[in-house]
Amino acid sequence: MITRPRTLAHGVVLRPVALADAAALACAYAANRDHLRPWEPRRPDGFETTEGQAARLTGLLELRDAGRAMPWVLDAGDEGIAGIVNLNNVVRGAFHSAQLGYWVAAARAGRGLGTAAVEAACDLAGEELGLHRIEAGTVTTNAASRRVLEKCGFERIGTAPRYLHIDGAWRDHYLFQRILNDRAPR
């Protein structure tokens, strides 16, 4: 399930995550803790450490190798990790679908990087991974993320009450989908 890197705006590269990214991801999560808090689950102690990220990445890479996930980082070179994009819960068969998750660092937010990253992930999901559909959810108060999805051609398909435990409480989410193609499953 390895995909080619894609160069996005301002020299940022969307590329598959590697175990060697653990330290840079720990730094990125620590630097963006307050920025991400309203949109992310509460994290266990040690999450923002190199060891915590190495353990997390080991699991993600196992899921990738099993064809059940595709994790990417937004690599800003010397500036470190500028965000992530993940396709999770990849299902094949008649469904050929995945769930999208992403975030962009506070210092890069509002500049089109999220839109470029989601668009590139959708292209790769359809072209290289052969998926038919991607689903995404946003906390109902996350207007910026909702706008990214809409700009990338996602359509709102519903509201899920108390969908995910985010920032210490069960939060309502808007659900979106994007149909990538109408090819028969491979």
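Odds and ends about this structure:
- Accessible surface of Arg4, taken over heavy atoms with a 1.4 Å probe and every protein chain present, rounds to 130 Å².
- The chain, relative contact order in percent, only Cα pairs under 8 angstrom and at least six apart counted: 20 percent
- Average Cα contact separation per residue, segment 128-186, under 8 Å, 6 or more apart, as relative contact order %: 47 percent
- Largest GNM mean-square fluctuation among Asn86, Asn32, Asn142, using the chain with Cα springs under 10 Å: Asn142.
- Dipole magnitude for the chain: computed about the Cα centre from +1 point charges on Lys and Arg Cβ and -1 point charges on Asp and Glu Cβ, it is near 460 debye.
- For the chain, the membrane-span-like helix rule (DSSP H, alpha carbon extent of at least 18 Å along the helix axis, mean Kyte-Doolittle at least 0.5) picks out 113-127; this says nothing about an actual membrane.
- Considered as an equivalent ellipsoid built on the Cα gyration tensor, segment 1-57 has semi-axes of 22, 15, 10 Å, the largest given first.
- Largest GNM mean-square fluctuation across Ala18, Ala136, Ala107, computed for the chain with C-alpha springs under 10 Å, falls on Ala107.
- Built amide H within the under 5 Å cut-off of Leu164, gap 5+: Arg171
- Value of [θ]222 nm, deg cm²/dmol, for the chain, DSSP H segments ≥ 4, -39500 (n - 2.57) each, nearest 500: -8500 deg cm²/dmol
- With the charge dipole of segment 32-168 set up from +1 on Lys and Arg Cβ and -1 on Asp and Glu Cβ about the Cα centre, the Cα lying farthest toward the positive end among the listed residues Cys152, Gly59, Met70 is that of Cys152.
- Ligands, DNA and RNA left out, the accessible area of the chain computed with a 1.4 Å probe is 51% carbon and sulfur.
- Of Leu131, Leu36, Gly114, farthest towards positive along the dipole that unit charges on Lys, Arg, Asp, Glu beta carbons give the chain: Leu131
- Extension gain (nm, one decimal) between Arg186 and Asp167, 0.36 nm per residue minus Cα-Cα: 3.0 nm
- Projecting the Cα atoms of Tyr102, Ile81, Thr141 onto the dipole axis of segment 74-184, where Lys and Arg carry +1 and Asp and Glu carry -1 at the beta carbon, places Thr141 farthest toward the positive end.
- Remark: the Ala143-Ala106 segment gains 11.8 nm on full extension, using 0.36 nm per residue and subtracting the alpha carbon distance.
- Placing one equal scatterer on every Cα of segment 1-124 and applying the Debye formula, the log10 ratio I(q)/I(0) at q = 0.20, 0.21, 0.23 Å⁻¹ is -1.21, -1.32, -1.54.
- Segment 33-101 and segment 121-169 have Cα centres separated by 15 Å.
The values are calculated or read from the model by the stated rules, or taken from the named source; none is laboratory data. Since the model is a prediction, treat every value here as computed from it, not as a measurement. FYI the Cβ positions are ideal-geometry reconstructions off the backbone, even for glycines, and counts take in every protein chain you see. In case anyone asks, the SASA skips ligands and DNA or RNA and just uses the protein heavy atoms, side chains included. Shrake-Rupley method; radii C 1.70, N 1.55, O 1.52, S 1.80 Å.
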